[in-house]
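The values are calculated or read from the model by the stated rules, or taken from the named source; none is laboratory data. On a predicted model such as this, the values are computed, not experimentally measured, just so you know. Note: ideal-geometry Cβ built from the backbone for every residue, glycine included; neighbour counts use all protein chains shown.
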């Protein structure tokens, strides 16, 4: 059996999450535990107002927007699909956190983002 490389796998997942059925089946947050688990992880990590958080594979931005709105974080979300970036930006505008969120379309492994510039 041949396993796909990381980008092939990420692209496959990203394309799947872009499909309208994904939102219908999974809701806004596409990861296990949803926003409740995101909040719990933030509490455990001690993330708070003004901290910079990287949301790798941000999808439609549900976790990013939640972090910015509920915890006052500055969040950078990265995803492969342009339509997901557009949806994330729209959600950030609707929730009033567009000044605390940045969404980037691209491969996380090939960005100019410096890991040391993030608190989490």
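The table below gives the values:
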read-out	value
Residue selected from the stretch 105-119 under the condition touching a strand residue (DSSP E or B) at 6+ places or on another chain (Cβ under 9 Å) and over 15 Å from residue 52 (Cα atoms), by the criterion surrounded by the fewest Cβ atoms within 10 Å (Cβ to Cβ)	111
Looking only at the stretch 65-80, and only at residues there that are assigned to a strand (DSSP E or B) and under 9 Å from residue 101 (Cβ atoms), the one that is nearest to the chain's Cα centre (by Cα)	77
Filter result for the condition that a residue is surrounded by fewer than 20 Cβ atoms within 10 Å (Cβ to Cβ), touching a helix residue (DSSP H, G or I) at 6+ places or on another chain (Cβ under 9 Å), without any contact (Cβ under 8 Å) to a residue 40 or more places away in the chain and closer than 18 Å to residue 99 by Cβ, over 48, 33	48
Hits in the stretch 84-105 (condition: over 14 Å from residue 72 (Cα atoms) and either part of a helix (DSSP H, G or I) or more than 12 Å from the chain's Cα centre (by Cα) (or both))	84, 85, 86, 87, 88, 89, 90, 91, 93, 94
Checking residue 14 against (1) in contact with a helix residue (DSSP H, G or I) (Cβ under 8 Å, 6 or more places away or on another chain); (2) modelled with pLDDT of 95 or more, the condition it does not meet	(2)
Filter result (out of contact with any strand residue (DSSP E or B) (no Cβ under 8 Å at 6 or more places or on another chain) and without any contact (Cβ under 8 Å) to a residue 60 or more places away in the chain) within the stretch 78-90	86, 87, 90
